[in-house]
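The values are calculated or read from the model by the stated rules, or taken from the named source; none is laboratory data. Since the structure is predicted, the reported quantities are computational estimates derived from the model, not experimental observations. Positions of Cβ are backbone-derived with ideal geometry, glycine not excepted, and every protein chain shown enters the neighbour counts. Heads up: the accessible areas ignore ligands, DNA and RNA and are worked out on the full protein's heavy atoms, side chains in. Shrake-Rupley method; radii C 1.70, N 1.55, O 1.52, S 1.80 Å.
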Amino acid sequence: MLRRIASSALVLALAAAVTNDALAQQAEAQASQEPPSIESKTEGMQKLDGFIPFYWDEKEGKLWMEISRFDEDFLHYTSLPAGFGENTLGLNRGDLGPSQVVRWSRVGPRVLMVEPNQNYRASSDNPMEKRSVEDGFPQAVHWGFPIGAETDGTVLVDATDFFMTDWHGIIQSLRRSNQGTFQLDKSRSAIYLPRTRNFPENSEVEITLTFTSNQPGGLVRSVAATAGAITVRQHHSFVQLPELGSYEPRRHDPRAGYGGMSYMDYSAPIDEPLTQRFIRRHKLEKQDPAAAVSDPVEPIIYYLDPGTPEPVRTALMEGGAWWNQAYEAAGYRDAFRMEILPDDADPMDARYNVVQWVHRSTRGWSYGNSITDPRTGEILKGHVTLGSLRVRQDYLIAEGLLSPYGEGEDVPSDMSEMALLRIRQLSAHEIGHTLGLSHNYIASAQRDFGTQSVMDYPHPRIGLRESGEVDVLDAYDREIGAWDKVAIAFGYQDFPAGTDEAAALERILDEARAEGITFMTDQDARPAGSAHPDNHLWDNGTNVVEELGRMMDVRRVALDRFGENAIRMGRPMATIEEALVPLYMHHRYQTEAAAKIVGGLHYTYAMRGDGQEPVAMVSAQAQRRAVAELMRTLDPTELVLPESVLNSIPPRPAGYGMHPELFRRYTGLVFDAVAPAAAAADMTVSFLLHPERAARLIQQSARSPELPSFMQVSHELLQATFGVEEHGSGYEAEVSRAVERIVVDRMMRLAATASMPQVRAEASYVLRELSASLEGMAEDAGTSDRAHYAMLTQDIERFMDRDMDAPSTPSTVGAPPGSPIGDPGMFWASASWEHTEVGPWAGLIEDPPLACSWR
């Protein structure tokens, strides 16, 4: 039996060897055959001539590419001209995908698309030195094309499979988002000829791709016509790169506010940095660099999506055109223009800088992206994506602030004017990114209620008139900012011949700094535990603590006037809550800004020799004032809602289900009167008891005893919450208990999870102190307070006896998502809702939210 098996295996192996030899001989014979000429191969095909000529084979449904320029760099990138319309997935119309410098390389009967490694270079003239660096790091071969025809060294390759590939990474994006495992169905995919075009310096190919899944996720189901078969379009651009030497890269400076590109230059002198850094910017030159004011050789033109409706269209055009003010200040005449994209132009076309108005099923962030030459940092195409629902959020904010609807049909114009002001600013902001600029979050602290930079994130500046009415008509900037002019001068100034450019650029920054105009960006503003007292998102005012007090005043006035007039006649009364949420949380970002004063640290992007003070602690007086103002945000009188509001919000009717931009609740379908207060209080307490802030408080008081310590701040927090003589009864008492619960839970979490041992030690000590005092507080308290204090005491005791790895989870349902005043990553279309009851939620969507950001 064993011999038979061995004999059979030998026969099979011999047969396989014979078959493999035959296949190899067949392949060798085919390779040795001369390919047909391009003329004969393409007979009857439609030719699209241009940068890379295409041939369309209607009969076979194939697209062929003609390649004649080998070993020459060009740019290849992908984009989504037709996407998902669901913000959380990040696959929207106009999204840009991967881009890379590539070249064609012929190897026998094949053409390889090779990406050289741009991260490691040698700028030396020595070819062997360059070769040693190229050989030291891996390149990438993105595709191999069999040659199908050839004429005089020019070859023809079948590119159909190359294009029928998920270059944009849709499958991976959906998998990462827990939206199912999708596959590309090539039988339902095809070249999209209406958007496949060719030009002398760029070639554009568009493809219809269909992705299928047996178990699509909830977000996909909410937007797809049929969730199991999603059809979108991807676009490929092949772009001729500028000739090296035609653009002069400009050195990066961390004080100048530009995004950058970098590479390691192994031929740099030993006394120079190995990493070379340059800014990203468009190519812009004066016709006469010696003139104070000159026309540009070629202006920068941005084209607006013609599908944008009025009055938004005009607002976007006006806001984008603000940038011409900055270029004029830099000595250019009419260097920046806004125009409407011609009807016959494709927004994906590499020749056009575009501003696209993108529709989604939910609100979403906006983007300012660029296609950049990675060899030099030259921006080749600016591409702005603006979410069309953003304007509606500002309108909603204004409705909550103004409660403007009476019984008549007349509607004041203030809401639409405020929303359009924001759209102008948004247009300028995102275009600024595509000009190369980074966020500048310190700008709002350098000028009270004046334009300092459109590259900041603006919270609406709401005022109170002498009559006591809320004023929204100065909510946003109306022109380019002082910092924006400085940044454009640094990046785009064209200096006369013989100018010491490095010294001239240094002067631009020195003069700005002398006027109090500087730059700080994301990494120093976004983390909740960040330390800079002036660098925040969505804050206002040169004194953030004073501005918090002013915002609380505005909030109180608007809340006292809030009611059914916040919605139009004929709307369900339950929808009042949509307008209530941003009003009630009006102070959330200013609270975060004020909290950063506590344990804060002034610092700059100082360079040696520039005269800046690198680091300075925030004064004790400023820190204590911030703590005092923050305590106001925990006062129950500030947190309770008017009875008239509570009596106006019924459970939501059918078709108007719960969604994450409403207040979460413990009360089922009924509006929860306490949960909003708990959410707002948790915001303040979590900022104050952030582990990094606690560590800084401990260290600052150790270095300078006059500065507040963690124990001092903790005691002020306990005094402001537990220090009242008695809660009494009623609504304010219940809010007080909710706030105290949050303080204890946040302190326990800090004691359990802080990285710094001394933070854990002092937080634990504070809890022991509080536990010891709760028994005495309960003696003369009412029944509700006694129950409350008993539970807190038991929880602290259990916490102290816990296993070391057991963290505490705060007893709060959390605030509705925030940035910017309503987080798109947490807001789904009503079509995706299913009624459930899970803890504090009623009507929670089945799929969890994803972390996301907004510009």
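The simple Förster model, with R0 at 56 Å and r as the Cβ-Cβ distance, assigns Asp125 and Thr208 a FRET efficiency of 0.70. Taking a point 7 angstrom from the Cα of Asp185 along the C-beta vector, which residues in the range 224-255 have backbone N less than 19 Å away? Backbone N within reach: 224-234.
Cα axis of helix 710-722 to longest principal axis of the chain: angle in degrees, 0 to 90, nearest 10? Tilt of helix 710-722: around 60 degrees. In the chain, helical runs assigned H by DSSP with n ≥ 4 each contribute -39500 (n - 2.57); averaged across all residues and rounded to the nearest 500, the mean residue ellipticity at 222 nm is -11000 deg cm²/dmol. Give the accessible area for Lys62 in Å² (nearest 10); use a 1.4 Å probe, count only protein heavy atoms, and leave out ligands, DNA and RNA. Answer for Lys62: close to 70 Å² accessible. For the range 38-54, the Karplus equation 6.51 cos²θ - 1.76 cosθ + 1.60, evaluated at θ = phi - 60°, returns couplings of 5, 4, 6, 5, 9, 4, x, 8, 8, 9, 10, 7, x, 3, 10, x, 10 Hz by residue, with Gly and Pro reported as x. Out of every Cα-Cα pair that the range 332-484 contains, those further apart than 24 angstrom amount to 44 percent.
Here each label is just a point 7 Å from Cα along the line to Cβ, and for Tyr266 and Glu248 those points are 3.1 nm apart.
Across the range 510-658, the volume of the C-alpha convex hull divided among the residues equals 152 Å³ per residue. Over all projection directions, the Cα-based convex hull of the range 509-568 averages an area of 6.9 nm². Between Ser105 and Tyr731, the simple spin-label model (points 7 angstrom out along Cα→Cβ) gives 7.3 nm.
Placing R0 at 30 angstrom, the Cβ-Cβ distance between Val670 and Val724 gives a FRET efficiency of 0.60 after rounding to 0.05. A cut-off of 5 Å between modelled amide H atoms, ignoring neighbours fewer than 5 places along the same chain, links Leu601 with His532, Val618. Each Lys or Arg adds one and each Asp or Glu takes one away; over the other residues whose Cβ falls under 14 Å from the Cβ of Glu150, this sums to -2.
Which log10 I(q)/I(0) values does the range 249-337 give at q = 0.14, 0.17, 0.19 Å⁻¹ under the Debye formula, counting every alpha carbon as one identical point scatterer? Values, matching the q order: -0.72, -0.89, -0.97. Amide H to amide H distances under 5 Å link Thr154 with no residue, where only residues 5 or more positions off or on other chains count and H is placed in the peptide plane.
Were the residues from Glu310 through Glu546 laid out at 0.36 nm apart, the gain over their Cα-Cα distance would be 81.1 nm.
In this structure, the amide hydrogen of Trp143, modeled 1.01 Å from its nitrogen in the peptide plane, lies closer than 5 angstrom to those of Met113, counting only residues at least 5 positions away or on a different chain. Contact order for the range 560-704, expressed relative to its length and based on alpha carbon pairs under 8 Å spaced 6+ residues apart, stands at 29 percent.
The number of Lys pairs in the chain with C-alpha atoms less than 13 Å apart, excluding pairs fewer than 8 positions apart on the same chain, is 4. Sequentially through the range 775-786, phi angles give Karplus couplings (6.51, -1.76, 1.60; θ = phi - 60°) of 4, x, 5, 7, 4, 9, 8, x, 4, 5, 5, 4 Hz, Gly and Pro residues having no value and appearing as x. Probing with 1.4 Å while keeping every protein chain in the model, the per residue accessible area of the chain equals 43 Å². Summing +1 for each Lys or Arg and -1 for each Asp or Glu among the other residues whose beta-carbon sits under 12 angstrom from that of Lys596 gives -2. Using the Stokes-Einstein relation with a Kirkwood hydrodynamic radius computed over Cα pairs, the translational diffusion coefficient of the range 297-342 at 25 °C and a viscosity of 0.890 mPa s comes to 221 µm²/s.
Over the chain, the hull volume per residue, using the convex hull of the C-alpha atoms, is 251 Å³. Rounded to the nearest whole Hz, the Karplus-based 3J(HN,Hα) values (6.51 cos²θ - 1.76 cosθ + 1.60, θ = phi - 60°) of the range 635-647 follow the sequence 5, x, 5, 8, 9, 6, 9, x, 4, 4, 6, 4, 7, with x at glycine and proline. Here the accessible area is traced with a 1.4 Å probe on the protein chains. For the range 706-765, carbon and sulfur cover 46 percent of it. Cβ-Cβ distance of Arg798 and Glu564, R₀ of 41 Å, FRET efficiency by 1/(1 + (r/R0)^6): the value works out to about 0.35. Electrostatic bookkeeping for Phe84 treats Lys and Arg as +1 and Asp and Glu as -1; over the other residues with beta carbon under 10 Å from its beta carbon, the sum is 0.
Remark: relative contact order (the range 362-517) = 18 percent; criterion is Cα-Cα distance under 8 angstrom and separation of 6 or more residues. Using Cα pairs under 8 angstrom and six or more residues apart, how large is the relative contact order of the chain, in percent? Reported relative contact order: 10 percent. Using the alpha-carbon positions of the range 44-115, Rg (one decimal) and Dmax (whole number) come out as 16.0, 46 Å. Simple spin-label estimate for Glu318 and Thr231 gives 4.2 nm between the two label positions (7 Å along the Cα-to-Cβ direction from each Cα).
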